[in-house]
Amino acid sequence: MDSAHSGSPADRTGRASRVGYLPDRDQTLMKLVVAGPFGVGKTTLIRTLSEIATLHTEEAMTETGAPVDDAALLPGKRTTTVAVDFGRLTLPGQVVLYLFGTPGQRRFFPLWQDIARGAVGALVLADTRRLADSFEIMDMVEEQGLPYAVAVNGFPDAPVHSVDVLRAHLDLHPATPLVLCDARERRSSLDALIALAEHVLHGLPPAPDPAPEGP
């Protein structure tokens, strides 16, 4: 769990403390889902971005689960999310993002549906070593009617492709944002999240005109 708390002068990396409270002012609150296949970096991305101590529900992987959760391409993978990851991030303009990470395995689909309820969009993480694993996740997101962006998380041994090639392989709608990111790096992860937030905000209906004042 992230150990940075409001009030401490700096976290163990030497960076200034992250905000641990919500200012008392008008804000735009957005619930976003961070989705993707097993082991794609969802927990890492939320931990990297959150301005509060993050919540994680991870359990150790066992040999019993090996036939179900294939970690052949993930040699360092020792734990997996079994319920939810949660973090929060405030963007300029007082846009507050509530980030909910969801398990990537199909057996958690009912839980995924519960977590996605009330969300305004989803960030789908993908891995170039197993792009096909993202199709089912994108189908789940589309079934929920959520706008989404795709962030291709870079791994050291993963093939590198251009955005145009990745977009074609993932068969994305022209309006769906696609970005390259490193879930371990804050700036890179933030760019992915901003791409999603802008996509969601662009698709929201305009606010109604205020009612005219009475005589």
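Between 187, 107, 130, the distinction of being modelled with pLDDT under 95 and loosely packed, with under 13 Cβ neighbours inside 10 Å belongs to 107 only. Just one of (1) modelled with pLDDT under 90; (2) farther than 18 Å from residue 45 by Cα fails for residue 115. It is (2). When each of 178, 123 is tested for being crowded, with 17+ Cβ neighbours inside 10 Å, closer than 30 Å to residue 93 by Cα, touching a Lys or Arg at 6+ places or on another chain (Cβ under 8 Å) and at pLDDT 95 or above, the lone residue that passes is 178.
Looking only at residues in segment 8-41 that are open to solvent by 20 Å² or more (accessible area, probe 1.4 Å), under 22 Å from residue 101 (Cα atoms) and not in a loop (DSSP other than H, G, I, E, B), the one that is modelled with the lowest pLDDT is 28. Flag set for residue 200, criterion: modelled with pLDDT under 95, of a type in the set (Val, Ile, Thr) and touching a strand residue (DSSP E or B) at 6+ places or on another chain (Cβ under 6 Å). Right, residue 137: within 13 Å of the chain's Cα centre (by Cα) and at pLDDT 90 or above or not? So residue 137 fits the description; yes. Checking residue 149 against (1) open to solvent by less than 50 Å² (accessible area, probe 1.4 Å); (2) more than 23 Å from residue 53 (Cβ to Cβ); (3) part of a helix (DSSP H, G or I); (4) aliphatic (A, V, I, L, M), only one condition comes out false. Which one? In the conditions (1) open to solvent by less than 50 Å² (accessible area, probe 1.4 Å); (2) more than 23 Å from residue 53 (Cβ to Cβ); (3) part of a helix (DSSP H, G or I); (4) aliphatic (A, V, I, L, M), residue 149 misses (3) alone. Here residue 167 passes the criteria (1) surrounded by 19 or more Cβ atoms within 10 Å (Cβ to Cβ); (2) modelled with pLDDT of 95 or more except the one numbered (1).
The values are calculated or read from the model by the stated rules, or taken from the named source; none is laboratory data. Everything quoted here is computed from the prediction, not taken from an experiment. When we count neighbours, we look across all protein chains shown, and the Cβ atoms used for this are built from the backbone with ideal geometry, even at glycine. Keep in mind that these areas ignore ligands, DNA and RNA; they rest on the heavy atoms of the full protein, side chains included. Shrake-Rupley method; radii C 1.70, N 1.55, O 1.52, S 1.80 Å.
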